[in-house]
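Note sheet for the following structure.
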Amino acid sequence: MTLTAPEETDPPIMLVDCLTEDHRWDALGLDPLAQAAARAVLIRLRLEPSVYEISLLGCNNARIAELNADFRGKPQPTNVLSWPSDERGARNPGDMPHLPGASAQGETELGDIAIAWETCAAEALAAGKPLQDHATHLLVHGTLHLLGFDHEREADAALMEELESEIMAQLGLPDPYAPDSYAASASPASDAAARAAD
């Protein structure tokens, strides 16, 4: 499959269907951030973005805490949650997941992502990162989860972090795991929070 850039006259491909319950996300520009992040992930993995679809919910801490309780049994807020449409995880630690093929019936749904405003904003502030950069990192992270990547096993986490760093660089953004990539005010605790993004 050859990936081509869209012509300037082509309408933008809507890879991510974005719903915002917390309108602070609208002011930040969540939809274009999500489109760029998801597109970059798919291109890096040699998947054609125009044939995939992701649903994204931009919400607040209260809403994500409800979702976290319902789906993970953890009744507290988190930064990002993802629900893959299919099990794609690798059997062996450090192996590539089973990436989806394109559906003959149209767009292939990859799954759903939810991202919480207050947690994302607090983590960005603690790490001295621009909120847009941190949100983009979490969207890259969530999209990789939809594709079967995980960080439960050490080798899987190393693969996922390496991809996240490459994709962020592709987007012209600093490595989220490099200690010196943002302001000197970033602390080891905020670096650990970035690694635990889930």
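Each value in this text was obtained by applying a stated rule to the coordinates, not by laboratory testing. Worth saying up front: this structure is predicted, and the values here are computed from it rather than measured.
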### Message
Under 5 Å between amide hydrogens, which residues at least 5 positions from S181 or on another chain qualify, with H placed 1.01 Å from N in the peptide plane?
### Response
none
### Query
Each residue of the range 147-154 in turn: what ³J(HN,Hα) in whole Hz from Karplus with 6.51, -1.76, 1.60 and θ = phi - 60°, glycine and Pro shown as x?
8, x, 7, 8, 9, 6, 9, 4
### Query
Mind listing the phi-derived Karplus ³J(HN,Hα) values for the range 36-44, rounded to whole Hz, using 6.51, -1.76 and 1.60 with θ = phi - 60°, and x for any glycine or proline?
5, 5, 5, 4, 4, 4, 5, 5, 4
### Query
How big is the gap, in Å, between the Cα center of the range 37-82 and the Cα center of the range 96-158?
6
### Query
For the range 74-86, in order, what is each residue's ³J(HN,Hα) by Karplus, 6.51 cos²θ - 1.76 cosθ + 1.60 with θ = phi - 60°, in whole Hz (x at glycine and Pro)?
10, x, 9, x, 9, 7, 8, 10, 9, 10, x, 6, 8
### Query
So who's got an amide H within less than 5 Å of the one on E109, skipping anything under 5 residues away but keeping other chains? H placed 1.01 Å off N, in plane.
E53
